[in-house]
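Working notes for the structure below.
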Amino acid sequence: MLPSQRASFDIPANICFLDAATFSPQPLACRDLGREAVARKSRPWEIAPTFPSEQYHRARQTAASLINADPEDMALISSVGYGVAAVAKMLPVPSGSRVLVLQDDHSSPVLEWMTRAQSGEFTVEAVRKPGNGDWTDALLDAIGRANAEPIAIASISSVHWSDGGLVDLAPVAAAIRAQGGALLIDATQSAGVIDLDVRTLDPDFVVFSAYKWLLGPYGRAFLYVARRHQEGVPLEQTSYGRRAVRADQDVYFADLNYVGNAQRFDMGQRDLVSLEMASLGMEMVSNWGTQAIRERLAMLTGRLADGLSGSGAGIPDIGVRAPHILSLEFSGGIPAGLLKGLAAENIFVARRLGRLRVSPFVYNDEDDIDRLLEAFRELLPA
């Protein structure tokens with residue numbers, strides 16, 4: 001099994017950080033690279049002319065490898081919200097149709113459609129979480145419901161950010177496709193931990209940020225665009241989105257036709273500092289391997305679930321939860337003072353929609369889980 005990678009991070013021995021689903025600590029190597037990259041801007045005359053394009057390709061290639069995509073099908077963007085807005089511009093929703101989202105899903109894959117619904121005369125349907133916590137069954141029921149409006153697009157997270165619920169994407173993708181709809185996946189809470197193969201799944205769009213499970217900085221995300229959609233108009237108009245708008249040629253606007261791949265959807269001002277850091281973080285994740293990471297994190301969340309058996313905390317069934325996120329529910333809500341008491345012990349978790357979300361990563365070990373269990377025993381009411 002992959003051992004703890006704590007030595008690769010600046011995490012003091014007394015700190016028990018179990019909140020990667022909010023943001024991961026920056027690895028030492030990424031931090032140091034970021035400092036070098038910032039310093040490089042102080043002496044721009046030393047930057048080789050080919051350096052920017054090499055970094056763009058590196059980031060595109062590394063992000064693509066996480067979902068088994070081709071690099072030319074990846075756009076370099078700033079956030080999931082940016083990616084969803086880009087999709088909404090290239091994929092108009094017909095009036096009288098519906099957009100499927102998950103109940104209380106993260107704002108990023110949801111708000112764009114809510115904002116457009118009234119003027120676009122379409123419906124945003126929030127698929128409610130069923131009592132058994134199985135988001136997959138709930139989605140399939142909504143997709144196949146008789147006499148419902150046609151589905152234009154399902155814009156969903158692969159792992160629900162607040163409850164850690166896992167969506168089995170294969171049957172959902174097939175059901176959406178059979179209805180003639182499109183599928184947009186926000187893979188921010190799964191990329192690097194749970195396998196996602198776009199060649200097999202054939203989604204229309206996949207978007208994910210780098211600052212959580214991919215160990216990257218803020219402000220860096222990636223958008224996969226299936227080739228059937230790559231003729232769309234991008235959210236921003238950039239020179240590198242066109243075939244020949246370059247300062248190093250005699251005619252500046254030589255060819256205004258768009259490039260024939262997902263690069264046309266790149267954001268403006270592709271920041272080299274954050275791109276380098278994001279590339280290195282993703283490369284570290286790739287080197288450890290998705291399966292090895294997933295097995296380690298499943299072991300840690302399983303240890304926590306076993307240790308909480310009989311404690312009164314509601315634990316999602318292993319068949320419907322992601323292996324790396326464990327959200328705990330308490331009768332009557334999170335006990336007063338619990339989060340404050342954990343923080344006083346230097347144990348950091350997150351409160352999300354009335355649940356206590358615990359999300360370990362590669363820098364955690366069994367001792368961290370045991371510390372949390374011991375703190376629970378001291379802080380939870382008998």
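The values are calculated or read from the model by the stated rules, or taken from the named source; none is laboratory data. As the structure is a prediction and not an experimental result, all values here were calculated from the model. Note that we place each Cβ from the backbone using ideal geometry, even for glycine, and neighbour counts take in every protein chain shown.
Okay, residues lined up against (1) basic (K, R); (2) farther than 24 Å from H160 by Cα; (3) in the same structural domain as P316 (by TED's automatic domain parsing):
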residue: A344; (1), (2), (3): no, yes, yes
residue: R351; (1), (2), (3): yes, no, yes
residue: R355; (1), (2), (3): yes, no, yes
residue: F361; (1), (2), (3): no, no, yes
residue: N364; (1), (2), (3): no, no, yes
residue: D367; (1), (2), (3): no, yes, yes
note = Picking from D266, D317, the residue that is of a type in the set (D, E) and in contact with a Leu (Cβ under 7 Å, 6 or more places away or on another chain) would be D266
ask   = Is it fair to say F23 is of a type in the set (A, V, I, L, M, F, W, C), over 29 Å from V159 (Cβ atoms) and not assigned by TED's automatic domain parsing to the domain that holds E295?
value = no
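To keep it simple, each residue is scored yes or no on (1) among the aromatic types (F, W, Y); (2) touching a Lys or Arg at 6+ places or on another chain (Cβ under 8 Å); (3) outside the structural domain of H229 (by TED's automatic domain parsing); (4) surrounded by fewer than 23 Cβ atoms within 10 Å (Cβ to Cβ).
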residue	(1), (2), (3), (4)
R60	no, no, no, no
A69	no, yes, no, no
M90	no, no, no, yes
V99	no, no, no, no
P130	no, no, no, yes
W135	yes, yes, no, no
A152	no, yes, no, no
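E276: of a type in the set (D, E) and surrounded by 17 or more Cβ atoms within 10 Å (Cβ to Cβ), yes or no?
Numbers: of a type in the set (D, E): yes; surrounded by 17 or more Cβ atoms within 10 Å (Cβ to Cβ): yes.
Against the criterion (of a type in the set (D, E) and surrounded by 17 or more Cβ atoms within 10 Å (Cβ to Cβ)), E276 qualifies.
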Lone qualifier among V207, V198, V193 - being out of contact with any Ser or Thr (no Cβ under 9 Å at 6 or more places or on another chain), touching a residue at least 24 places away in the same chain (Cβ under 8 Å) and of a type in the set (V, I, T) = V198
message = Step by step: first the residues of segment 25-45, then only those that are under 15 Å from L275 (Cβ atoms) and not in a helix (DSSP H, G or I), then the one that is farthest from the chain's Cα centre (by Cα). Which residue is that?
response = K41
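For segment 350-363, what are the residues that are under 23 Å from A7 (Cβ atoms), in contact with an Asp or Glu (Cβ under 7 Å, 6 or more places away or on another chain) and of a type outside the set (G, A, S)? Lay out the reasoning, then the answer.
So in segment 350-363, the residues under 23 Å from A7 (Cβ atoms) come out as 358-363.
Next, from what is left, pick out any that are in contact with an Asp or Glu (Cβ under 7 Å, 6 or more places away or on another chain): 359-360.
Matches in segment 350-363: P360 only.
Could you tell me which of the residues A375, A313 is farther than 24 Å from S157 by Cβ and surrounded by 15 or more Cβ atoms within 10 Å (Cβ to Cβ)? Reasoning before the result, please.
Numbers: A313 fails: farther than 24 Å from S157 by Cβ.
Every option except A375 fails the conditions.
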ask   = Would you pick out the residues in segment 111-128 that are surrounded by 13 or more Cβ atoms within 10 Å (Cβ to Cβ) and either on the phi > 0 side of the Ramachandran plot or among the aromatic types (F, W, Y) (or both)?
value = W113, F122
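In segment 351-372, which residues are exposed (fewer than 15 other Cβ atoms within 10 Å of the Cβ) and hydrophobic (A, V, I, L, M, F, W, C)?
Initial filter on segment 351-372 (exposed (fewer than 15 other Cβ atoms within 10 Å of the Cβ)): 351, 353-354, 366-367, 370.
The one that is exposed (fewer than 15 other Cβ atoms within 10 Å of the Cβ) and hydrophobic (A, V, I, L, M, F, W, C): L353.
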request  = Collect the residues in segment 254-271 that are polar (S, T, N, Q), more than 30 Å from D32 (Cα to Cα) and in contact (Cβ under 8 Å) with a residue 24 or more places away in the chain, keeping them in residue-number order.
outcome  = N261
ask   = Restricting the first residue to segment 124-144 and requiring it to be closer than 13 Å to A154 by Cα and charged (D, E, K, R), which pairs with a second residue that is at pLDDT 95 or above and part of a helix (DSSP H, G or I) meet a Cβ separation below 8 Å and a spacing of at least six or different chains?
value = E125/A142
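Just to check your reading of the model, which residue among V99, V110, V124 is under 23 Å from A210 (Cα atoms) and among the hydrophobic types (A, V, I, L, M, F, W, C)?
Details: V99 fails: under 23 Å from A210 (Cα atoms); V124 fails: under 23 Å from A210 (Cα atoms).
When all the criteria are applied, what remains is V110.
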query = When you scan segment 62-153 for helices (runs of 4 or more DSSP H) that lie fully inside it, which ones turn up with 1 or more residues that are more than 25 Å from V320 (Cα to Cα) and touching a helix residue (DSSP H, G or I) at 6+ places or on another chain (Cβ under 9 Å)?
reply = 80-90, 111-120
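Y82: surrounded by 18 or more Cβ atoms within 10 Å (Cβ to Cβ), farther than 25 Å from L201 by Cα and in contact with a strand residue (DSSP E or B) (Cβ under 9 Å, 6 or more places away or on another chain), yes or no? Before you say what the answer is, go through the steps one by one.
Values: surrounded by 18 or more Cβ atoms within 10 Å (Cβ to Cβ): yes; farther than 25 Å from L201 by Cα: no; in contact with a strand residue (DSSP E or B) (Cβ under 9 Å, 6 or more places away or on another chain): yes.
It is false that Y82 is surrounded by 18 or more Cβ atoms within 10 Å (Cβ to Cβ), farther than 25 Å from L201 by Cα and in contact with a strand residue (DSSP E or B) (Cβ under 9 Å, 6 or more places away or on another chain).
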